Amino acid sequence: MSKQAANEHPHKAEWTNYLRKMMMIRAFEEKIFDLLARDVLKGASHVYAGEEAVGVGACAAIGPKDYITSTHRGHGHCVARGGELKFMLAELCGKATGYCKGKGGSMHIADVKAGNLGATGIVGGNIPVATGAGLACKLNGKQQVVLCFFGDGASNTGTFHESLNMAGVWKLPVIYVCENNLYGMSVSTARACAVQDISVRAASYNMPGVTIDGQKVLEVKAAVEKAVANARTGGGPMLVECKTYRYYGHSRSDPRNYRTKEEEKCWHDRDPIMLFSQYVIVQGALTEAEIAALQKDVDRELAEAEDFALKQSPYPDPSTLLEDVYAEWIEGKYGLEPYESKA
Amino acid sequence: MRITADDAKTGKHDMAEIHYWQAVRDALREEMIRDPRVFILGEDVAIYGGAYGATRGLYEEFGAERVRDSAISEAAIAGAAVGAAMCGYRPVAEIMYMDFMTIAMDQFCNQGAKNRYMFGGKTCVPMVLRTEGGAGRSIAAQHSQSLEAWFLHVPGILIVCPATPYDAKGLLKAAIRSNDPVLFIEHKMLYGTKGEVPEGDYVLPLGQAAVRREGKQITVASYSRMALRCNAVCQKLAGQGVDAEMIDLRCLRPLDLRCLLQSVKKTGRLLLVSEGCADNNAVNEVAMRVMEHAFDYLDAPIARLCAANVPVPMSPPLEDAAIPNEAAIEKAIREILK
Amino acid sequence: MIQQILMPKLGETMTEASVEKWRKAEGDPIRKGDVILEITTDKATLEVESSIAGVLKKILAPEKVTLPVNTVIALAGEPADALPDNLNELLAAARGEKATEAPAAKPASEGAPAAAPAGVEIEAEALPAPSSRLFVSPRARMRAKEAHVPLQILRGSGPAGRIVEKDVLAYLARREQVRATPTAIELACERGIDLTALRGTGPGGKISKEDVLAVKAAPARPAAGRERRVELTPMRRIVAERMTKSKREAPHFYLTMEVDMTSAAALRAKLNADLPAEASAKAGGKMRVGFHDLLIRACAKSFGENPMMNVAWGGDHIRVRAETHIGLAVALDEGLIVPVLRNADQLNLAATARASAQLIEKARSKRLLPDEYEGGCLTISNLGMFDVDNFIPVINPGESAILGVGRIAQKPVVIAGGIHVRSMMSCTLSADHRSVDGAIAAKFLKRVKELLENPEALA
């Protein structure tokens, strides 16, 4: 091993990590799509395939004490933040072993202890929450930051504007990462946004804004790192817009007839995993064989996750229905009763 | 330490007579001293001291970090409180008029109320959202509503409606110390009222009603400003041979159903009074629960007296006519006793 | 072709009836002889057979509405037959509506259909019938149950006559003054008896279970102190009409006699001695002889000897009957019915007993046939079981006399200068002075008395 170490690319471990995560996301999302098609998976699932570089690159720029907030299209954020496929898939399947004990599902995966403040099904719903987390970080005084993921559609909601204004005024350490995949559900940014580069809006709130190529994981990482460094030193918030593309429709039932085949092909030709694989090979960090082995390993992990979620994990017991609505109360015979009787 | 209403009555502790707004302010102040994680955000809460004076002097004492004037951004105010609470703080956000809760609803009801449950119990949202409602200042339909019924329909939110300075202080402390999101509804016409409050720390338990007057013929239950009107009527009628038991519910959730049931089992008759408009009023829920558990003890149908189903009108005589007044309460009581 | 099914006349005096129950439904096939419905007259419920074959196309008459004989009550025909053009008029007639009736003339009873404009089917306004339902608050109901208070004896002081807790408590306060055993209290509750209205036979007037049992079931009292209206049954209506007619048209006169029933009672006891308490008529065995059987025999025989008593007023003539049929008044819950024992003169006492038992049974179960309640010469009415000493009965129209009989009681009687205790019965013969004079009536009654006092001839 040490012989290899001498020849190893200095970023090999790091880039392997990124590539692996992107592969995990891609494999997971394709599995989700397949399970939805077979009606094994119930409910809504919004697939992140095509946007991997944004989530992985951005989360690569923060540390374990920082926070992220996620969106309905947030499986990628969860993996990027260290989420395990088996607990994620169990959650999507509504099993008791999932991250949220089966109560949240795809749109509400959270792992607060690991710094993932959760996904929301309301477009723009977590932007104020992220801003509040930013306020907490500022009050903590420990140089923590918050990554707030949201899409181009959310940048038109009231909460976006209220939150960025608040962060701008109070100089909160929040990096607003806009994943501009060019479409809300079916309405393109061309038709929905008064501006075409969301980053332009940052100026309204007295913060810097940049637009970058969201298909290049290292570019994303670099841009977010700059913003993070700025925030940690009290420079306040920043808006980082990543242009990217979602390969699948908005959801399972979307036939995508609002996009052209040509456009889709363009973006497939710029597949982030493919681009990064090529890059690392050219840079001499990984060989094709190693990349293939990586893929196999990811596939194995996914297979284990599928087995765990579909076969081994039980559904939550109906008796857990009323648990966890409140921290200190539970529904009793006469209405809410305190968990513990008070003396 | 927990002081009961009895302690307060027996004067076990030193009492001072203060305004309701002062009681709110003192609760905030004492909790901010006690727990550094408590902070305040809202519109005009800092330098101005609050539209109704409820945060007067706090900015001067605690500074801009912990008493934060916000832009006019109800969604961001509520949502930021959710986010900060999930990160370990105990924010007390203020929405100046309950009527503006509509703008904050998604953050409070879809994120704040639900995050704990949706995330499998792995987080909590220990925030307080203070607001005020009610008619009486002729400021018309968008500044005078009583909307507690809306929030009663969202599992995950506790709802507190104090009527007296004593209750306001003790219950706000309880709300701040609670690990669940609490909607704390003050009443604009009560800020200027005075009442006796013990000096020193005391916390009233959430979900405990106050029996203002004991009686045997009829139970009159209400909350917030209407509770004071009901109490005045019941005291007056006592001198006319009507023996009414008056209960101030204090909290709509958790509801002190045991207290109500005990009372109705004794009296057999119940009048519920609320300043919300009649359609789908919060007291409908109370009435249903009482009926479910005490049907056999009812000697008359449960009655309710609520505001008219109109947007609150501006003109003073119309505004007065729109909400229950003492004459209407008395009439309702006598009607049930027939 | 559409054929009409009419309300049939079953019985000489029948003028109207109501449909009791349709036994076939619209669309059912019917054959000649099939029972298609039951009707109720003032006397009985009878089955009606179809005289035609086809399909029951349309039922016009609702159940329980009184209609004149010959009203079209249903239509039958072939499946493909179209219903007639005047269907709505037929419907209206079958509902008992009179075309010229002004709504004000007939006080609308709650629950009855309002006068229907032709062709419009309306549902009766669903107002609750007053009085038969008790309105009680849950709390009062609970208190009453705990304390064994029968709710139906209370008068409600709450809104709309609702019985509320204080009504129960007020009653309990009164009941406290009355001493009663716990069993008596429970039993009184079960039976709806007001203990405060009872006098107990126990020491110091304590009410016991036996005292409660002794109270005969009270008729349903109006609830909550409100007046109520009871609709007339066909039977009631007929009785009212006929009794009015009888009193108005027949000049009644009355003869009263005391009859020594000691020997009759002894004879009866002897004849019944070897019979079990309830011998079955079906067994073809002997029936117990009742006092009414002795009366029937006595009257029948007296008729034989006094043929000018067996008459009917014919307006411009007197009809002298050839046969002797005796009617026996039977009390039912809903009123009075008089089954007629035919050719009573030809039956001996045992046969009379059998026949009368059968008739009474049929009367009680409303299964009398028309010739079993028509054509009597005289009605015997007995109120002795109610402790009535004597009463003045009203003649049944169509007859010339009625015999009202009171109770048999031990009385001191002078016989041959000495005082003896005898079983005495008082009876009154009401007679129609148009067709019968005092002398003939007296002769008839005297003979009845003689026969009863020397009853061997009756057997």
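Each value in this text was obtained by applying a stated rule to the coordinates, not by laboratory testing. All figures in this text were calculated on a predicted structure; none of them were measured in a lab. Ideal geometry is used to build each Cβ from the backbone, glycine not excepted, and the neighbour counts take in all protein chains shown.
Counting only DSSP beta bridges with both residues in the protein assembly as shown, the antiparallel share comes to about 50 percent. Fewest-first ordering of A:Lys221, C:Lys21 by other beta carbons within 10 Å of each residue's beta carbon gives C:Lys21, A:Lys221. Here the Gaussian network model covers chain B, with springs between Cα atoms less than 10 Å apart; of B:Ala300, B:Ala244, B:Ala113, B:Ala300 fluctuates the most.
GNM on chain A, alpha-carbon springs under 10 angstrom: the most fluctuating residue among A:Arg270, A:Arg191, A:Arg73 is A:Arg191. Lys and Arg at +1, Asp and Glu at -1: add these up for the other residues within a Cβ distance under 12 Å of B:Gln217 and post the number. After counting each charged neighbour, the total is +2.
The label point for C:Asn86 and the one for C:His317, both projected 7 Å from the Cα toward the Cβ, are 3.8 nm apart. Going from the residue with the fewest nearby Cβ atoms within 10 Å to the one with the most, C:Thr45, A:Thr120 rank C:Thr45, A:Thr120. Using a Förster distance of 30 Å, how high is the FRET efficiency between A:Glu304 and A:His11, based on the Cβ-Cβ distance and rounded to 0.05? So, using R0 = 30 Å, E works out to roughly 0.60. Summarising the label geometry, the points placed 7 Å from Cα in the beta-carbon direction at A:Gln312 and C:Leu169 lie 6.8 nm from one another.
Once the Cα atoms are used to define both axes, helix B:20-34 deviates from the longest principal axis of chain B by about 40 degrees. DSSP bridge analysis restricted to the stretch B:5-198 gives an antiparallel fraction near 20%, rounded to the nearest 5.
Computed over chain A with a Gaussian network model linking Cα atoms closer than 10 Å, the most mobile of A:Val298, A:Val240, A:Val169 is A:Val169.
For the stretch B:219-332, the square roots of the Cα gyration tensor eigenvalues, ordered a ≥ b ≥ c, give a/c of at least 1.5 with a/b no greater than b/c, which places it in the oblate category. Anything over 23 Å Cα to Cα? Flag those among B:Lys266/B:Lys338; A:Lys12/A:Lys113; C:Lys270/C:Lys443, in the order listed. A:Lys12/A:Lys113; C:Lys270/C:Lys443, as the Cα separations exceed 23 Å there. Where a ≥ b ≥ c are the square roots of the eigenvalues of the C-alpha gyration tensor, would you call the stretch C:3-95 rounded, which needs a/c under 1.5, or, failing that, prolate if a/b is larger than b/c, or oblate? Note, shape of the stretch C:3-95 comes out oblate.
Cβ-to-Cβ counts within 10 Å put C:Ser50, C:Ser356 in ascending order as C:Ser50, C:Ser356, the fewest first. I want the local charge near B:His153. Using Cβ-Cβ distances under 11 Å, sum +1 for each Lys or Arg and -1 for each Asp or Glu among the other residues. Net local charge, B:His153 excluded: -1.
The H on the amide N of A:Ile212, modeled in the peptide plane, is under 5 Å from the matching H of A:Glu241, A:Cys242, A:Lys243, each at least 5 residues off or on a different chain.
Once you sort the root eigenvalues of the Cα gyration tensor of the stretch C:138-223 as a ≥ b ≥ c, which label holds: rounded (a/c under 1.5), prolate (a/b larger than b/c) or oblate (the other case)? Prolate, because a/c is 1.5 or more and a/b exceeds b/c. A:Gly235 sits among other residues whose Cβ lies under 11 Å from its own Cβ, and their net charge, with Lys and Arg +1 and Asp and Glu -1, is +3. Between C:Val35 and A:Glu263, the distance separating the two model label sites (each 7 Å from Cα on the Cα→Cβ line) works out to 8.2 nm.
With the cut-off at under 17 Å, measuring from each backbone N in the stretch B:194-234 to a point 7 Å along the Cα-to-Cβ line of B:Met15 picks out B:194-204, B:210-214, B:232. Here the calculated FRET efficiency for B:Glu65 and B:Ala238, from their Cβ-Cβ distance with R0 = 51 Å, stands at 0.50, rounded to the nearest 0.05. The calculated FRET efficiency for the pair A:Arg191 and A:Lys65, based on their C-beta separation and a Förster distance of 35 Å, comes to about 0.30.
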